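Novice: Here it is, the structure, as structure tokens.
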Amino acid sequence: MAIVAITFFKFTSIYAQDDIDQLLESSLSDANKLIEGYIDPFMKGFGTGLGSGWYNTAKAHKTAGFDLTATVNLAYVPDKDMFYNINSSLENTQLISPSEAPTIFGPDEEPTYQFTYTDSNTGETITDTFTGPPGLNLKDDIGFNAVPVPMIQLGIGIVKNTDLKIRWTPKIDMGDGTLKVIGFGVMHDVKQHIPGIKNLPFDLSAFIGFTDITTDVDLDDDTTVDNKGEFDINTWTFQGIISKKFSVLTLYGGLGFNRVRSELKMLGEYEVGSGTETEIIENPVDLSFKSGGPRLTAGMRIKLAILTLHADYTLQQYKTLTVGVGFSVR
């Protein structure tokens, strides 16, 4: 599970730098809106990736059978989410250039903002400018925008053609922060309960799964200052799964939906505002994100003795490619 932490911290490293802090040079309300727009595609993409890679067949293990599977889920960020423009909803801040600000998946270009305020001492209206964080520029660097979400899970056959799936890691200390993952899923053969089809040559199961990842990231190199960012992303996945085995090849598909909920917080004391109108605000950022919707999956698995190789593609809000390898017994 350490690979999950490494990937997560790589993509949130820009959040742990001074770049995000720059957006606090506007008012508190505007800063929250700007940070929300900037980080939103990452929160959606990572949450979508967490809900993928749960299965590669609809056939449950026999009792005491098990599999150990490692997957990588690539949640693709659409081009429309490379930028955001929320000028109409800002109170004292305006985007000057370019016409749209890059999100975390946008180009490596720092947007310029204008912040207007009234000097409380003189009554004078003052205008300041500041720059926001650039994007990661992944589309130019590697050819596409995607959030990679690696995962390792254990599946165990319990009773009555039911699999229990577990994703878990203790709290991992990554130096600049910590991370913890917990997840569980249940897959149950429903064909056995439907008269007339239980003897037909395919497998049909229902699946429900939940994954939660929590992490904190230090936002200040000064050890005397306890400023940190906190992420909490969780995903519920509900799926009907069908599969058909042909010798070593299994074709599988799924239809269902997922629900992603996430939170982002900046904890500690930060200077908010610009010029002469600044103040120290405690815990200035507290954002919530919601996404999800229907999902349709198609994939294939090859099983050689106990070794399994699989790949699938899911059509959903953030289309997701999953590839994996594992060991499966019984």
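Novice: Give me SER99, SER26 ranked fewest to most by other Cβ atoms within 10 Å of their Cβ, as a rough exposure proxy.
Specialist: The order, fewest Cβ neighbours first, is SER99, SER26.
Novice: Using a 10 Å cut-off on Cβ atoms, rank the peptides 323-329, 268-274 from the highest mean neighbour count down.
Specialist: 268-274, 323-329
Novice: Cross-link partners among aspartates and glutamates for LYS290, C-alpha distance below 17 Å, same-chain residues fewer than 8 apart left out?
Specialist: Once the sequence-local aspartates and glutamates are set aside, what remains near LYS290 is GLU36, ASP40, ASP81, ASP212, GLU230, ASP232, GLU263.
Novice: Multiply the residue gap between THR129 and LYS198 by 0.36 nm, knock off their C-alpha separation, and tell me the result in nm, one decimal place.
Specialist: Here the answer is 18.0 nm.
Novice: Specify the angular offset, from 0 to 90 degrees and rounded to the nearest 10, of the alpha carbon long axis of helix 28-50 from the longest principal axis of the alpha carbons in the chain.
Specialist: In the chain, helix 28-50 runs at an angle near 20 degrees to the longest axis.
Novice: Taking only Cα atoms, what is the 0 to 90° angle, nearest 10, from helix 2-12's long axis to the longest principal axis of the chain?
Specialist: Its long axis makes an angle of about 30 degrees.
Novice: For the residues HIS188, HIS193, what sequence is obtained by ranking on other C-beta atoms within 10 Å, fewest first?
Specialist: With the fewest neighbours first, HIS188, HIS193 line up as HIS193, HIS188.
Novice: Which of VAL285, VAL248 comes first, and how do the rest follow, when ranked by fewest Cβ neighbours within 10 Å?
Specialist: Arranged by neighbour count, lowest to highest, VAL285, VAL248 become VAL248, VAL285.
Novice: Any idea what the dipole of the range 232-328 comes to, in debye rounded to 20, about its Cα centre with Lys/Arg Cβ at +1 and Asp/Glu Cβ at -1?
Specialist: 1340
Novice: Beyond a 25 Å Cα-Cα separation, which of these cross-linked pairs lie in this structure: LYS160/LYS303; LYS44/LYS265; LYS171/LYS265; LYS59/LYS171?
Specialist: Beyond 25 Å between Cα atoms: LYS59/LYS171.
Novice: Compute the relative contact order of the chain as a whole-number percentage, counting only Cα pairs closer than 8 Å that sit 6 or more residues apart in sequence.
Specialist: Relative contact order for the chain comes out at 21 percent.
Novice: Considering only THR118, ALA305, LEU24, whose Cα is most displaced toward the positive end of the charge dipole of the range 2-329, charges sitting on Cβ of Lys, Arg (+1) and Asp, Glu (-1)?
Specialist: Of the candidates, ALA305 comes out farthest on the positive side.
Novice: Rg/Rh for the range 37-94: what does it come to with C-alpha atoms and Rh from Kirkwood?
Specialist: 1.27
Novice: Over the range 266-330, what is the mean sequence separation of C-alpha contacts under 8 Å (at least six apart), divided by residue count, expressed as relative contact order in percent?
Specialist: Once divided by the residue count of the range 266-330, the mean separation gives 22 percent.
Novice: Further question on the same structure: What 222 nm value per residue comes from the helices of the chain, counting each DSSP H run with n ≥ 4 as -39,500 (n - 2.57) and dividing by all residues, nearest 500 deg cm²/dmol?
Specialist: -4000 deg cm²/dmol
Novice: Can you divide the C-alpha Rg of the range 247-330 by 2.2 N^0.38 Å and report the result to two decimal places?
Specialist: 1.91
Novice: How big is the charge dipole of the range 81-164 about its Cα centre, in debye rounded to the nearest 20, if each Lys and Arg gets +1 on its Cβ and each Asp and Glu gets -1 on its Cβ?
Specialist: Magnitude of the dipole: close to 560 debye.
Novice: Report Rg/Rh for the range 124-278, rounded to two decimals, where Rg is the Cα radius of gyration and Rh the Kirkwood radius.
Specialist: Answer for the range 124-278: 1.16.
Novice: Right, something else. Under a Cβ-only charge scheme (Lys and Arg +1, Asp and Glu -1), can you give me the dipole magnitude of the chain about the Cα centre, in debye to the nearest 20?
Specialist: In debye, rounded to 20, the chain gives about 4020.
Novice: For the chain, what are the per-bin percents of Cα-Cα distances with bins 10 Å wide, up to the bin holding the maximum?
Specialist: The calculated distribution, bin by bin, is 6, 24, 28, 19, 12, 7, 3, 1, 0.
Read the figures in this text as sums done on the coordinates, not as results from a lab. What you see is a predicted model; the values in this text were computed from it and never measured. Note that we place each Cβ from the backbone using ideal geometry, even for glycine, and neighbour counts take in every protein chain shown.
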